[in-house]
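The values are calculated or read from the model by the stated rules, or taken from the named source; none is laboratory data. The structure presented is a predicted model; accordingly, all values stated were derived computationally and were not measured. Note that we place each Cβ from the backbone using ideal geometry, even for glycine, and neighbour counts take in every protein chain shown.
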Amino acid sequence: MSTKDWLITQLVMLVPIVNLVMLFVWGFGDTANPNKANWAKASLIFMVIGVGLYIVFFVLFFGTLAATLAAPGRFR
């Protein structure tokens, strides 16, 4: 793949929803370059890890907030 191909790939990744669809197409399709396919699979793995960490942070933050608001006298 040339630099031009990678620049176009990165531009496609800037478009919401399209980026997710294209990662699946490139990662699991038959016509993609093997380098792009591996990059797409790795990007999907990083996205899953990021969403998982976001959910953990969300649960911890709002769980702590709910506990604090439920018993205002206990946390002084």
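Considering only residues that are part of a helix (DSSP H, G or I) and charged (D, E, K, R), look in the range 18-76 and name the one that is nearest to LEU7 (Cα to Cα).
Of everything passing the filter in the range 18-76, LYS36 is nearest to LEU7 (Cα to Cα).
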What tally of residues in the range 25-49 results from selecting those that are loosely packed, with under 13 Cβ neighbours inside 10 Å, among the aromatic types (Phe, Trp, Tyr) and in contact with a helix residue (DSSP H, G or I) (Cβ under 9 Å, 6 or more places away or on another chain)? 1
Flag for VAL12 being assigned to a helix (DSSP H, G or I), on the phi < 0 side of the Ramachandran plot and at pLDDT 95 or above: no
